[in-house]
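Only one structure is covered here, and it is reproduced in the block below.
The numbers here are math on the coordinates, done by the rules we state, and not lab data. None of the values given here were measured: they were computed from a predicted structure. Here the Cβ positions follow ideal geometry from the backbone for every residue, glycine too, while neighbour counts run over all protein chains shown.
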Amino acid sequence: MSREPDGRRRRWCPGLAMSAILAAVVLALSADGQNTDNVCGHPPVPVNAKLVRDGAKATFVCDDGYRLFGSESITCSSNGAWTGDLPFCGTNVAVHKPTNQSTTARGGSSGNANDGDPTTVHDGRRCTETLKEPSPWWSVDLLQPYPVRAVSITTRGCCGHQPLQDIEIRVGNSSAELQRNPLCSWFPGTIEEGTTKILSCARQIVGQHVFLQLVGVEGSLSLCEVEVYSTEEFSIDRCAPGSSSAKTDVAVFDNKCYEFNVNRGASFADARQKCQATGGDIVYGFRGSSSTFLAAELERRKSRLKTQLIWIGAQKEPGLTSRTWKWVNGDVITKPTWGKDQPNNYNGEQNCVVLDGGREWLWNDVGCNLDYLHWICQYTPTTCGSPDIKVNSTIASPYTFKVSSVIEYVCPEGHATQGSAKRTCGSNGFWTGSAPSCKYVDCGPLNGIENGTITLEDNGMTTFQIDGQIYLQPELQSVKWRRQKDMC
Ligand SMILES: [Ca+2]
């Protein structure tokens, strides 16, 4: 074997002239079922999923809190390609979001379809129901646009209610004209009673509103649970707040975790300290759709609250003349959303802020020492989910998925990375950028080697060498197809 003067093995790229030999090698290796790494390369892996490798089969397991859609495995075929559609791992972004429907009959309010209770029994008003009418519909407002991949529908299983027929799912940003939204899926048949049916969008659609409609049908729409799946949000399993018993009062929105501490009371300082003790802070910095989300989450808990004043992380300096409100991180609040007649600085000592259920969850200034108020903590995730991997690439180890850590994708020798090879785990729990792909670098035909010989090395596949004596001649030092890693 010839070596560079510095001892490195010299590598040569296979040109077109050698492709027939290579193809034969590939076929020989796959025929006896060996060495599938070389045949198909590393399999692609969808985001939020882990790979389980078993010979020619690659199986995917979703991260905690995500559900797998599609087939869980792909296989390496003898032609060197992974066959089968890659599944995806999504989390439900519809639960507890605001809902609406064409009409409401017999206690079947629209919110019953995303209350997290998948029962198929309507007794006790646990499913939705519209009047009997032409083309009845139900909708959910995700509060911000999400890329929607699939919708799961659980139908009512009792008492001879009509089965769902000709259901259409639309996803888009129009809340008023549902037919203007792009079609995600259409199911022309009948969905049996008491079953769960998954309808995948033909393609991923980004939208804030999801509509279900019995198109062209005169009837009553009754739904027991509707789940809307997206890959672009993390599940509450990743929130990991202080106590697991509080888990049922945790909700995720826009890549943040919120913990609703509505079963106990504390002063502002105590509440904030409790949030910080578990790695978070009292809720701050929110506006727009996040404000709407927090109000909706409080509203649905309203009947259980001992007080309707909920601490948020906004304060001003004590004193009658101080008028500047700041978030707890020091940022000045530019657009506080005060409720009616607020802030009134009653008694000159109201330097903290609550969301006030008596004022539609708008802001009210109150004294910081009231020690019986509820509060909301916010957390950012400590880790990212499993990153996606394009076919033939791998992630260089060692790596961790902790926030701020960096992973680096590597391609096999002879392949160049297309896109950024490095991704960072952001504080929002998602990897920056997108997974790069690997592209084979074709060095062109093997010109100018009439005086040389090329022999396959022992490992057969990728490494070539030229007779050492000729190899060192100056004119061959510069042949254009000399390969070093991914360059010719
Ligand atoms: Ca006040």
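Sort 63-69, 269-275, 149-155, 176-182 by packing, meaning the average of other beta carbons within 10 Å per residue, with the highest value first.
149-155, 269-275, 63-69, 176-182
How large is ³J(HN,Hα), in whole Hz, for each residue of region 331-342 in order, when computed from phi with the Karplus curve 6.51 cos²θ - 1.76 cosθ + 1.60 and θ = phi - 60°, using x for Gly and Pro?
5, 6, 7, 7, 10, x, 9, 6, x, 4, 6, 10
Anything over 28 Å Cα to Cα? Flag those among Lys316/Lys402; Lys57/Lys97; Lys50/Lys197; Lys306/Lys402; Lys326/Lys402; Lys197/Lys306, in the order listed. Walk me through the numbers before you get to the answer.
Details: Lys316/Lys402 35 Å; Lys57/Lys97 39 Å; Lys50/Lys197 25 Å; Lys306/Lys402 38 Å; Lys326/Lys402 30 Å; Lys197/Lys306 40 Å.
Those over the limit are Lys316/Lys402; Lys57/Lys97; Lys306/Lys402; Lys326/Lys402; Lys197/Lys306.
Can you list the residues, at least 5 places off or on another chain, whose amide H is less than 5 Å from the amide H of Lys50, using H built in the peptide plane?
It is Val61, Cys62, Asp63, by chain and number.
Using θ = phi - 60° and the Karplus curve 6.51 cos²θ - 1.76 cosθ + 1.60, what whole-Hz ³J(HN,Hα) does each residue of region 380-385 get, with Gly and Pro shown as x?
9, x, 8, 9, 9, x
Can you tell me the length gained on complete extension of the stretch Ala396 to Gln273, counting 0.36 nm per residue apart and subtracting the Cα distance? Please report the intermediate quantities before stating the final value.
Working: separation 123, 0.36 × 123 = 44.28 nm, distance 3.97 nm.
Gain on stretching Ala396 to Gln273: 40.3 nm.
Would you pull out the residues with amide H under 5 Å of Leu362's amide H, same chain only if 5 or more places away, H placed 1.01 Å from N?
Excluding prolines and chain starts, which carry no amide H, the hits are Asp356.
Which value, in debye to the nearest 20, gives the size of the charge dipole of region 179-241 about its Cα centre, when Lys and Arg are +1 and Asp and Glu are -1 at the Cβ?
Numbers: 4 positive and 8 negative charges, 60 e Å.
My answer is approximately 280 debye.
Rounded, prolate or oblate: which fits region 258-348, taking a ≥ b ≥ c as square roots of the Cα gyration tensor eigenvalues, rounded meaning a/c under 1.5, else prolate when a/b beats b/c?
On the way: a/c = 1.44, a/b = 1.30, b/c = 1.11.
Rounded, since a/c falls under 1.5.
What are the ³J(HN,Hα) values, in whole Hz, obtained from phi via the Karplus relation 6.51 cos²θ - 1.76 cosθ + 1.60 with θ = phi - 60°, for each residue of region 48-64 in sequence order, with x given for Gly and Pro?
For region 48-64, the Karplus curve yields 6, 10, 10, 9, 10, 9, 9, x, 7, 10, 10, 10, 10, 10, 6, 4, 3 Hz.
Long-range amide H contacts for Cys184: which residues qualify at under 5 Å (H placed 1.01 Å from N, peptide plane, sequence gap of 5 or more or a different chain)?
Ile169, Arg170, Val171
To the nearest 0.05, what FRET efficiency results for Thr104 and Asn428 with a Förster distance of 35 Å applied to their C-beta separation? Show your work: numbers first, answer last.
Numbers: r = 37 Å, r/R0 = 1.06.
E between Thr104 and Asn428, to the nearest 0.05, is 0.40.
For region 77-125 and region 295-315, write down the distance between their C-alpha centroids in whole Å.
Going from one Cα centre to the other spans 27 Å.
Give the order of Ser322, Ser222, Ser427, Ser386 when sorted by the count of other beta carbons within 10 angstrom, beginning with the fewest. Don't skip to the end; give the middle numbers.
Details: Ser322 11, Ser222 25, Ser427 14, Ser386 22.
Result, fewest neighbours first: Ser322, Ser427, Ser386, Ser222.
Expected output is a single nm value to one decimal: the length gained when fully extending between Glu317 and Ser420, i.e. 0.36 nm times separation in residues minus the C-alpha distance. What is it?
Values: separation 103, 0.36 × 103 = 37.08 nm, distance 4.64 nm.
Extending this stretch completely gives an extra 32.4 nm.
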